[in-house]
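A.B. asks: Once you've had a glance at the structure underneath, I'll fire off some questions.
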Amino acid sequence: MANVPLPRRGLMLILSSPSGAGKTTLTRMLLQDKVLDLTLSVSVTTRPRRSSEADGIHYHFISKKQFDSMRDGGELLEWAEVHGNLYATPRAPVEAVLAEGRDVLFDIDYQGTQQVRAKAPEDVVTVFILPPSMAELRARLDRRAEDKKAVIDRRLMNARNEIPRWRLYDYVIINDDLERAYRSVIALLTAERLKRTRQEAAIAALVERLLGEDGS
């Protein structure tokens, strides 16, 4: 007989890391694995759309008035202002996916993570990705060949502010080998999906049925 998963409520898997530690790469790998069936949380933002971006894929681009209305109406799981622009995670689309028993993947920083945890503590699983060394972190940022030295220096300075936040997370993974880090994320996701508390009602129903059988 096939091992059919018990019905459960979905969870929010949050990945955070300093820039260059591998969060975005791991997020992409997880989304490409169709067996995992993860849905990426798409943020809303008030900043203008860039020519390379598609509305609804990279962000949902909205007006400041719309943003204020969502924030004041309690429709956001988390929000932040960055360089004069507002960013946030809408609650409704995330809740719809969780109610289907499917999981949502987040790529957000430690501040957003704390806001989401405060609003939905039972649904959140948080993972912090660390680089093996600051020298390797700089090397990865250099290899991107995307930023000037001043920008890289600022990212490294920000990393020194973010790295001490590791104690705020459920799991910490050192990304010294990308494939091993990826397998670690899958392992913890599998374990979290099997938690008794996420399948409580289904297990209780199964146990009641088992105890009602005579075994013949």
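A.B. asks: Quick check on packing: order 166-173, 58-65 by the mean number of other C-beta atoms within 10 Å, highest mean leading.
C.D. replies: So the peptides 166-173, 58-65, ranked by packing, come out 166-173, 58-65.
A.B. asks: What list do you get for MET29, MET134, MET12 if you sort them by fewest beta carbons within 10 Å?
C.D. replies: By the 10 Å Cβ count, ascending: MET134, MET29, MET12.
A.B. asks: In addition: Grab the other residues whose beta carbon is less than 14 angstrom from that of LYS23, score K and R as +1, D and E as -1, and report the net.
C.D. replies: Working: positive: ARG28, ARG140, ARG144, ARG155, ARG165; negative: ASP107, ASP109, GLU162.
That sum, taken over residues with Cβ under 14 Å, equals +2.
A.B. asks: Around THR197, under 13 Å between beta carbons, what's the net of Lys plus Arg minus Asp minus Glu among the other residues?
C.D. replies: Charge balance in the 13 Å sphere: +2.
A.B. asks: Can you compute the equivalent ellipsoid semi-axes for the chain, i.e. the square root of 5 times each eigenvalue of the Cα gyration tensor, sorted largest first and rounded to whole Å?
C.D. replies: Result for the chain: semi-axes of 34, 23, 15 Å.
A.B. asks: Could you give me the percent of Cα pairs per 5 Å distance bin for region 88-216, shortest bin first, beginning at zero and ending with the bin that holds the maximum distance?
C.D. replies: 2, 8, 14, 16, 17, 13, 10, 8, 5, 3, 2, 1, 1, 1, 0
A.B. asks: Shifting gears a bit: To test your reading of the geometry: what angle, between 0 and 90 degrees and rounded to tens, separates the Cα axis of helix 134-144 from the longest principal axis of the chain?
C.D. replies: The angle comes out at about 80 degrees.
A.B. asks: How much of the DSSP beta bridge set in the chain is antiparallel, as a percent to the nearest 5?
C.D. replies: 30
A.B. asks: Of THR113, ALA99, LEU188, which is farthest along the charge dipole of region 93-216 in the positive direction, counting Lys and Arg as +1 and Asp and Glu as -1 at C-beta?
C.D. replies: Positive-end residue among those listed: THR113.
Bear in mind these aren't lab numbers, they're just calculated from the coordinates by the rules spelled out. Everything numeric in this text was worked out from a predicted model, so none of it was measured. All Cβ positions, glycine included, derive from the backbone under ideal geometry; neighbour counts span all protein chains shown.
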